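Structure first, then comments.
The values are calculated or read from the model by the stated rules, or taken from the named source; none is laboratory data. The structure presented is a predicted model; accordingly, all values stated were derived computationally and were not measured. Please note: Cβ atoms are built from the backbone with ideal geometry, for glycine as well, and neighbour counts cover all protein chains shown. We work out accessible area using only protein heavy atoms, side chains counted, and drop any ligands, DNA or RNA first. Shrake-Rupley method; radii C 1.70, N 1.55, O 1.52, S 1.80 Å.
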Amino acid sequence: MPLIALDGLSLWYRYVAGQQPSKTPALLIQGLGMQATDWPEEIIATLVAERPVLVFDNRDSGLSQLFGRGSIETLTEKDFPGAEALTGPLAYSLSDMAEDAWRLLDALGISRIHLVGFSMGGMIAQVMAAVRPGRVASLTGLMTSAGQAWIESTPAADTMMRRSILLEGSQKQLADFMLAAEDIYAGPTLLPPEEARRRAIRQALARGHHPAGIWRQARAMRAAGERRSLLAAIVAPTLMLHGAADPVIAPAQAAAIKDILPAATFVELWATGHILTEANAAAIAAKVREFWRETGGT
């Protein structure tokens, strides 16, 4: 799959034309530290049956450009941003990450887009929809917040996120940590067998794991601060799908989209945490396709 050079920025992307290549494409934006290859194939296959799908690695993720070292030995759990105000310079902002996506779309000649973002990717998609409303056909947020200054997480999930910016020693130790983190984030969501999960983690680690990149992305999220007034500028049909048992972003933070955009659709997914797997991918993708059809998206 290609890397595209965008005047000082290189991004890895994958474009799947699908069965209806003339339709307005969908851009899928991943979450904190995640790679484009983390999208379950079931989601891509289901959505591609409706329209072309574009996925990419955010800056500091996967095979896209790093904005600093891939790992920093001196980082500690306390360096992961929380509710307190940030100190020190930022490598980039959440708006910069949204602009990355627009630059990619421009380079590919895509003028109008359906946005689908998971977690941090949902926040990026919201910024995109607010700043360039005329180019967004629809907006879907998966397990994301509604513009609050920071996310509300359970203590266990917060601990795992803080550990994600650290060097975990050997590859086995890192894989063990990532398995444990998945267990926490998933909540009641059914997960694949451990060996299949471990194999997927090994592949992700080999492709591009950058703990310091996670730290820089998290700081960009925190620095964005309160965004509810920005979200009020969104005019595209909006859907929010959120796990009822999400330990990373409290469901109430997602449900608050109705206070900002009364016409938005909010759907709570029962027995679901903060994760996309082959087990829940088909049902989630089906809801997105149904939303596109109900809102008349071409």
Bins of 5 Å from zero: percent of alpha-carbon pairs in the range 41-172: 2, 8, 15, 20, 20, 15, 11, 7, 3, 0
What share of all Cα pairs of the range 7-84, in percent, falls into each consecutive 5 Å distance bin? 3, 14, 19, 18, 15, 12, 8, 6, 4, 1
Kindly work out what percent of the DSSP beta bridges joining two residues of the chain are antiparallel, to the nearest 5. 25
Per DSSP H run of at least 4 residues, take -39500 (n - 2.57); add these up for the chain, divide by its residues and hand me the 222 nm value, nearest 500 deg cm²/dmol. -12000 deg cm²/dmol
In the neighbourhood of residue 55 defined by beta carbon distances under 12 Å, the net charge of the other residues (Lys, Arg +1; Asp, Glu -1) is -2
Residue order for 47, 108 - accessible surface, 1.4 angstrom probe, largest first: 108, 47
Counting Lys and Arg as +1 and Asp and Glu as -1 over every other residue whose Cβ sits under 14 Å from the Cβ of residue 156, the net charge comes to -4
With 0.36 nm assigned to each residue of separation and the Cα-Cα distance removed, residue 207 to residue 86 gains 40.5 nm
Where the range 227-278 is the region considered: accessible area per residue in Å², 1.4 Å probe: 40
Volume per residue (Å³) of the convex hull spanned by the alpha carbons of the chain is 119
Summing +1 per Lys or Arg and -1 per Asp or Glu among the other residues with Cβ less than 13 Å from residue 44's Cβ gives -2
If I compute solvent accessible area with a 1.4 Å probe over the protein chains, what percent of it on the chain is carbon and sulfur? 56
Go through 78, 23 and list them by solvent-accessible area, largest first, probe radius 1.4 Å. 78, 23
I want to check the label-to-label distance for residue 268 and residue 235. Put each point 7 Å from Cα in the C-beta direction and report it in nm to one decimal. 3.3
Rounded FRET efficiency, nearest 0.05, which uses the C-beta distance separating residue 10 from residue 258 and R0 of 35 Å: 0.35
What does the charge dipole of the range 23-63 about its Cα centre add up to, to the nearest 20 debye, if the Cβ of each Lys and Arg holds +1 and the Cβ of each Asp and Glu holds -1? 220
